[in-house]
Amino acid sequence: MIQDEPELLALVLRLQQAEQAKTDFFADHSLPEYTVVDELDLTATEAARFLTLSLVPFHAHPSGRPKPQIGRVGFWRVCKTLWQQHQWVYDPHRLVTTEGKQELEAFFDRLDIMDAYDAHWWFTSAGTLYERFDGDPQELLRHAAHVAPHAARVVRQADLPGIADAVSTPLWVRLMHDRVASLAGMGWVPLPVDHTLFAVTEALGDLDVDIGNREDRAMVQTFWEVFCEKHGLVPYRVEKSLRVVGLYWHRGGRDYVTSVLEDYASSGGRRYSNPQSRIS
């Protein structure tokens, strides 16, 4: 699909600008986690708890299949229902001191979208929030002086399974920055490559790669790190636009990318400007 690096750069810049302005494809398509948070109309404290604990089971199912993110029974829709109908699972104080791990395990066992790891990881993360951060992820951000790379380091040093890994930590930092509290140094947060980012990269480059292959995953991760650094791009902004297109790839995303590339070609290779600085 992509013929050369200038073409990829033009595409990435166009996607990034359209996503930030909510125009073109992005006028009707957005990240489901943001849609859900906006629909719930949460306070900063509520959003911090909702997004942090919801991210715990975001990982792929042990079968290797990613959990669905869009649609009526998508992952974030299930989390929205949990918040509305079973808010105790999002209250670290109540969960740890009153309900307990066995109650959470029995409850999650009835949810098709959850797996064997989720209740254990969720309860452990809730316990860490309760014991170290007064049950509020915002306290973790305060420990890090609201600096994104420092917040990521605090997360990795804490007992927060499901959040403290190469994919989930950058996602968590981005969610906190966008929906909880502005963080400095977001330009230094790496772009997380999960199933969605891997698949859209594979499609854009017509690559023969396998996410189950560690070397292929590392290659895709390194590519985006080098690409963003070379062209002065802020990784989390690139990630957001690519993720939206990837999530809806077979529901208009591919067609939109094709139209952008055709527009680029018809303009004689005109590059889109990059108004954002690397450090942001």
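Every number in this text was worked out from the coordinates using simple rules, so none of it is lab data. Because the structure is a prediction, the values reported are computed rather than measured.
Normalised by the number of residues in region 64-215, the mean separation of alpha-carbon contacts (under 8 Å, six or more apart) gives a relative contact order of 14 percent. Counting only residues 5 or more places away or on other chains, whose amide H sits under 5 Å from the amide H of Ala184 once H atoms are built in the peptide plane? It is Val147, Ala148, by chain and number.
Here the relative contact order of region 1-80, from alpha carbon pairs under 8 Å that lie six or more residues apart, stands at 20 percent. Taking every C-alpha pair closer than 8 Å and separated by at least 6 residues, the mean separation divided by the residue count of the chain gives a relative contact order of 24 percent.
As a check on your grasp of the helix formula, calculate [θ] at 222 nm for the chain: sum -39500 (n - 2.57) over DSSP H runs of n ≥ 4, divide by the residue count, round to the nearest 500.
Per the formula, -17500 deg cm²/dmol.
Taking all pairs of distinct Cα atoms, average 1/r, flip it, and tell me the Kirkwood hydrodynamic radius of region 32-188 in Å to one decimal place. Value: 15.6 Å, from the Cα pair sum.
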